[in-house]
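A short write-up of the structure that comes next.
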Amino acid sequence: MTSSIVRCLLVASVLLSACAATNEPGEGAKSPVGKGTTATDFTTKDVDGQTFRLSDHVGKSVILIDFWATWCEPCLAEFPHLQALYDRHKEKGFVVVAVSMDGPDSIAMVPGFVKRNGLTFPVVLDEDSRIASIYNPRKSAPLSVLID
């Protein structure tokens, strides 16, 4: 992995973590996963109804899991940057997977948002909060988890 990819990912992680930390004043974003931890697999459907398995990418790619929701303004603002980062590094095996934490009131808006914004990386639905319970138990948004 080139130093420019590492720099971009570090900057993205710091910026996204800073946004997530603002969800609860006085407390930083905490993650149940850390360096040297094996990524817990999950399987879910993307906005097109296709199956997405994290295990299909772990060990082969650098993966950025981005937790977001349609009601989260900072989340929506980060998508052009995530798309640009993905476009720039996907040929090197970089994967962005956006995990929508929208509930029953807003989940129907996710596919339209993806289409309107031309997102080409996987956008998956976490309606039962199964993925969030593994990687984002506080359900902070936006929150990014980097898996290498």
(message) Six or more apart or on different chains, Cβ atoms under 6 Å: show the pairs whose first residue is in region 62-83 and among the β-branched types (V, I, T) and whose second is open to solvent by 10 Å² or more (accessible area, probe 1.4 Å) and assigned to a loop (DSSP other than H, G, I, E, B).
(response) V62/D148; I63/H57; T70/S106
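Suppose the filter is open to solvent by 80 Å² or more (accessible area, probe 1.4 Å) and in contact with a Gly (Cβ under 9 Å, 6 or more places away or on another chain); does K45 pass it? Steps first, answer last, please.
Numbers: open to solvent by 80 Å² or more (accessible area, probe 1.4 Å): yes; in contact with a Gly (Cβ under 9 Å, 6 or more places away or on another chain): no.
No: the conditions fail for K45.
What number of residues within region 115-144 satisfy the criterion of being touching a residue at least 60 places away in the same chain (Cβ under 8 Å), among the hydroxyl-bearing types (S, T, Y) and assigned to a helix (DSSP H, G or I)? Quick ask: steps written out before the conclusion?
First pass over region 115-144, keeping only residues touching a residue at least 60 places away in the same chain (Cβ under 8 Å): 122-126, 130-132, 134-144.
Filter again for among the hydroxyl-bearing types (S, T, Y), leaving 135, 140, 144.
Those still in the list that are assigned to a helix (DSSP H, G or I) too: 135.
Of the residues in region 115-144, 1 are touching a residue at least 60 places away in the same chain (Cβ under 8 Å), among the hydroxyl-bearing types (S, T, Y) and assigned to a helix (DSSP H, G or I).
Hey, which of the strands (runs of 3 or more DSSP E) in region 37-97, taking only ones fully inside, have at least 1 residues that are at pLDDT 95 or above and of a type in the set (S, T, N, Q)? Reasoning before the result, please.
Numbers: elements: 43-45, 51-53, 62-68.
The qualifying strands (runs of 3 or more DSSP E) are 43-45, 51-53.
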(request) Only residues that are closer than 16 Å to F121 by Cβ and hydroxyl-bearing (S, T, Y): list them for region 35-86, please. (result) T44, T51, S61, Y86
(request) Just one of (1) surrounded by fewer than 18 Cβ atoms within 10 Å (Cβ to Cβ); (2) in contact (Cβ under 8 Å) with a residue 24 or more places away in the chain; (3) of a type in the set (A, V, I, L, M, F, W, C) trips up I147, so point out which. (result) (1)
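Residues of region 50-60 being farther than 23 Å from S106 by Cα and open to solvent by less than 20 Å² (accessible area, probe 1.4 Å), which ones? I'd like the intermediate steps shown before the answer.
Within region 50-60, the subset farther than 23 Å from S106 by Cα is 53-60.
Once the filter is applied, which keeps residues that are farther than 23 Å from S106 by Cα and open to solvent by less than 20 Å² (accessible area, probe 1.4 Å), region 50-60 yields only L54.
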(message) Cβ-Cβ distance below 7 Å, separation of 6 or more or different chains: which pairs start in region 48-61 with a residue that is within 14 Å of F94 (Cβ to Cβ) and end on one that is surrounded by 11 or more Cβ atoms within 10 Å (Cβ to Cβ)?
(response) H57/I63; H57/V95; V58/A39; V58/I147; K60/G93; S61/G93; S61/F94; S61/V95
(request) Could you figure out which of (1) acidic (D, E); (2) open to solvent by 40 Å² or more (accessible area, probe 1.4 Å); (3) touching a residue at least 24 places away in the same chain (Cβ under 8 Å); (4) assigned to a loop (DSSP other than H, G, I, E, B) isn't true of D102? (result) (2)
(request) Assess whether V110 counts as being modelled with pLDDT of 95 or more and closer than 18 Å to L146 by Cβ. (result) no
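The values are calculated or read from the model by the stated rules, or taken from the named source; none is laboratory data. Quantities reported herein were computed from a predicted structural model and do not represent experimental measurements. No Cβ is skipped: glycine too gets one built from the backbone with ideal geometry, and neighbour counts run over all protein chains shown. Remember, those area values only see protein heavy atoms, side chains included, never the ligands or the DNA or RNA. Shrake-Rupley method; radii C 1.70, N 1.55, O 1.52, S 1.80 Å.
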